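Written out below as structure tokens is the structure these notes cover.
Please treat every number below as a calculation from the coordinates, not as lab data. Please read these numbers as outputs of a predicted model, since none were measured by experiment. Glycine also receives a Cβ, built like all others from the backbone with ideal geometry; neighbour counts cover every protein chain displayed.
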Amino acid sequence: MEQGYIDLHVHTTASDGTLTPAELVALAQEKGLKAVAVTDHDTVEGLPEALKAAGSRGFEVVPGVEISVDYRGGEMHILGYCVDPCSEPLLDSLAQLQEYRRERNPKVIRKLRELGMLISLEEVEEAAGGNVIGRPHFAAVLVRKGYAAGTQEAFDKYLGAGQPAYVKKEKLTPEEGIELIVRAGGVPVLAHPKYLKDHNADRLSALLEKLKAAGLKGIEAYYTTHTPEETELYLRLAEQHALLITGGTDFHGANKPEIELGAGTGNLRIPYELLEKLKLAAGKQ
Ligand code: AMP
Ligand code: ZN
Ligand code: FE
Ligand code: FE
């Protein structure tokens with residue numbers, strides 16, 4: 001069994017992270033990690049650069065994606081691992097999801113302006129750089145302009161679910177998100193179960209049963225903000241439902257400065273062994 005640590009949940013400038021894919025790979029190697037999965041929101045555009053950087057540095061990058069789907073009127077995130085970045089159905093659906101973001105973004109701007117903030121879509125687009133605009137980009141502009149002290153405050157006061165500048169975007173159903181990843185040759189995994197609306201052990205168990213029937217293969221048990229008790233619960237549910245276990249930090253660079261690549265808020269350690277099992281499930285080993 002290979003030794004070493006990994007991070008299976010990371011964002012780049014292709015979505016709402018602040019490091020380019022190549023910079024991310026360099027940092028991961030510098031930190032002594034053995035592999036990272038690039039899992040940008042609703043896009044695989046960062047994957048070619050990340051895979052190329054990995055190839056030239058002798059580092060391992062797992063091609064991934066993170067898809068937001070609808071759950072009880074709120075959000076659920078599905079991670080997809082070992083996806084084919086060239087899969088046509090995947091690229092078509094991601095283009096549609098990006099369109100849903102484009103429909104949402106001006107509405108968020110309108111709400112922020114109604115709240116008295118001087119902010120334009122152009123400024124947010126500039127902060128984003130790429131094709132996928134996420135709420136952390138709005139937060140970055142709010143912070144830069146002095147409307148919030150930091151990213152978290154921008155979410156707590158304005159952008160988070162239920163806050164005055166929150167706008168719901170169109171989403172796929174969980175089953176559609178899972179199917180999309182499966183069709184792209186990937187392994188679908190439920191991200192950060194902690195953030196599911198109204199979740200408890202029984203409800204999560206029933207949900208996993210349902211998602212597994214739709215093709216779900218794993219659960220992200222190790223995650224930056226999971227408490228030891230939550231991690232225990234997710235590990236137990238993974239065993240009960242015969243699901244793979246994954247783990248990641250949700251690193252976003254300077255957009256979430258409190259999260260360190262590979263370590264979360266300090267002591268997260270995700271063993272390479274989890275990736276070996278994931279690759280077996282994907283038929284990539
Ligand atoms: P979006 O895809 O545009 O809806 O933005 C989703 C991203 O915003 C997530 O990946 C998180 O990084 C961040 N986010 C969402 N809700 C919160 C919150 N309440 N506090 C901090 N960050 C959040
Ligand atoms: Zn994000
Ligand atoms: Fe997420
Ligand atoms: Fe994420």
Mind counting the residues in region 181-204 that are in contact (Cβ under 8 Å) with a residue 60 or more places away in the chain, more than 16 Å from ligand 1 (Cβ to nearest atom) and part of a helix (DSSP H, G or I)?
2
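Quick check on region 211-242: of everything there that is aliphatic (A, V, I, L, M) and surrounded by 22 or more Cβ atoms within 10 Å (Cβ to Cβ), which residue is farthest from the chain's Cα centre (by Cα)? Spell out the reasoning first.
To start, the set of residues in region 211-242 that are aliphatic (A, V, I, L, M) comprises 211, 213-214, 216, 219, 221, 233, 235, 237-238, 242.
Among the residues that remain, those that are also surrounded by 22 or more Cβ atoms within 10 Å (Cβ to Cβ) are: 211, 216, 219, 221.
Working: Leu211: 18, Leu216: 16, Ile219: 13, Ala221: 14 Å.
Restricting to residues being aliphatic (A, V, I, L, M) and surrounded by 22 or more Cβ atoms within 10 Å (Cβ to Cβ), the top hit is Leu211.
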Taking interchain pairs and intrachain pairs at least six residues apart, which have beta carbon atoms under 6 angstrom, with the first residue in region 114-139 and acidic (Asp, Glu) and the second part of a helix (DSSP H, G or I)?
Glu123/Val141
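If I go through region 144-173 residue by residue, how many of them are more than 16 Å from ligand 4 (Cβ to nearest atom) and either crowded, with 18+ Cβ neighbours inside 10 Å or under 18 Å from the mean Cα position of the chain (by Cα) (or both)? Before you say what the answer is, go through the steps one by one.
Our first condition is that a residue be more than 16 Å from ligand 4 (Cβ to nearest atom); within region 144-173, this holds for 144-150, 153-154, 156-158, 162-168, 170, 172-173.
Pick out the ones that are also either crowded, with 18+ Cβ neighbours inside 10 Å or under 18 Å from the mean Cα position of the chain (by Cα) (or both) and you get 147-148, 154, 158, 165, 168, 170, 172-173.
The total comes to 9.
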Mind checking whether some residue in region 48-66 is assigned to a loop (DSSP other than H, G, I, E, B), in contact with a strand residue (DSSP E or B) (Cβ under 8 Å, 6 or more places away or on another chain) and within 16 Å of ligand 3 (Cβ to nearest atom)?
no
Which residues, counting only those in region 106-137, are assigned to a helix (DSSP H, G or I) and over 16 Å from Thr18 (Cα atoms)?
Pro106, Lys107, Val108, Ile109, Arg110, Lys111, Leu112, Arg113, Glu114, Leu121, Glu122
Tell me yes or no: at least one residue of region 115-126 is under 22 Å from Gly46 (Cα atoms) and either of a type in the set (Ser, Thr, Tyr) or surrounded by 22 or more Cβ atoms within 10 Å (Cβ to Cβ) (or both).
yes
